[in-house]
1. All but one of (1) within 15 Å of ligand 2 (Cβ to nearest atom); (2) of a type outside the set (V, I, T); (3) surrounded by fewer than 17 Cβ atoms within 10 Å (Cβ to Cβ) hold for A131, so report the exception by its number.
2. Name every residue in segment 58-107 that is crowded, with 19+ Cβ neighbours inside 10 Å and in contact (Cβ under 8 Å) with a residue 40 or more places away in the chain, in order of residue number.
3. Take the conditions farther than 22 Å from E100 by Cα, among the charged types (D, E, K, R) and over 17 Å from the mean Cα position of the chain (by Cα) and apply them to R173. Does it pass?
4. What pairs come out if I take residues in segment 1-27 that are at pLDDT below 95 and pair them with residues that are crowded, with 16+ Cβ neighbours inside 10 Å and in a helix (DSSP H, G or I) whose C-beta lies under 8 Å away, six or more apart or interchain?
5. How about segment 173-184: which of its residues are within 20 Å of L12 (Cα to Cα) and out of contact with any strand residue (DSSP E or B) (no Cβ under 9 Å at 6 or more places or on another chain)?
6. Quick check on this structure: which one of R115, R82, R107 is out of contact with any helix residue (DSSP H, G or I) (no Cβ under 9 Å at 6 or more places or on another chain) and more than 15 Å from F167 (Cα to Cα)?
7. Being assigned to a helix (DSSP H, G or I), of a type in the set (G, A, S) and more than 16 Å from ligand 2 (Cβ to nearest atom) narrows it down to one of A160, A168, so name that one.
8. I'm told D38 meets every condition in (1) touching a residue at least 24 places away in the same chain (Cβ under 8 Å); (2) surrounded by fewer than 20 Cβ atoms within 10 Å (Cβ to Cβ) except one. Can you identify the failing condition by its number?
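The values are calculated or read from the model by the stated rules, or taken from the named source; none is laboratory data. Because the structure is predicted, anything quoted here is derived from the model rather than measured. So basically every Cβ, Gly included, is an ideal-geometry build from the backbone, and we count neighbours across all protein chains shown.
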Amino acid sequence: MPIARPLPGQTLIAPSLLSANFARLGEDVEKVTAAGADWLHVDVMDGRFVPNITIGQPVVAALKKVARVPLDVHLMIVEPERYIDSFIDAGAEVVTVHVEASTHLHRTLQAIRARGVLAGVSLNPHTPPEAVEWVLDSCDLVLVMSVNPGFGGQSFIPSALRKMEWFANHASRHNLDYIIEVDGGVNTDNIASIAAAGASVCVAGNAVFSTPDWGATIDLLKQRAAGGKVK
Ligand code: DX5
Ligand code: ZN
């Protein structure tokens, strides 16, 4: 059974574990979930698609044992199709691959869906939304990168707002119901305009983990996102 989608008008917060304390990952997962995290965003980097190297399937499997909310796995790796099954076996409930990294993207998305988890496609900041237009009916989620992938704590790239609007308009014009998720530089100052542009899942790494009270920050993010949606 795939996980529940965000309700209309709702904005989910997916803290990026990249900004957690890797030496105390289990504790941080429990703490950030108690603080209101809806999904846990897991950034998998291979040192080839992006310059950084982070975590792999064994860590996802360990996280699964303590996670009480869905694991949202963002594969920033080349040839992601080679690793889909092993990340799903490890416990991923959302699997997102990059359009720039998968030659046979349609097949890759179908393979993810066939496993009964949500299939996501992600686009780097320079990639036009049209690059994924012909696979959108095979997607449960579009992850709009609002930074160049590879590192946490970067600044939001404003053109991502227009890209999210494109996806929101396209979904209503063509009667598609993919989730729009945004990743990179989301904070309490820009989340209202991000929600207004159509995002219903917001990844937030630094904005949550660098603050002393994660619960207060997640509450404020949700509150401001709701304010953006009513405009
Ligand atoms: C960037 C990652 C992001 C990152 C977000 O490559 O995909 O998920 O951790 O971190 P912040 O919210 O700090 O920009
Ligand atoms: Zn990410």
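1. Among (1) within 15 Å of ligand 2 (Cβ to nearest atom); (2) of a type outside the set (V, I, T); (3) surrounded by fewer than 17 Cβ atoms within 10 Å (Cβ to Cβ), A131 violates only (1).
2. L63, P70, D72, H74, M76, F87, A92, E93, V94, T96, H98, A101
3. Criteria met by R173.
4. Pairs that qualify, where the first residue is at pLDDT below 95 and the partner is crowded, with 16+ Cβ neighbours inside 10 Å and in a helix (DSSP H, G or I), are G9/K229.
5. L176, D177
6. The unique qualifying residue is R82.
7. A168
8. Only one criterion is unmet by D38, namely (2).
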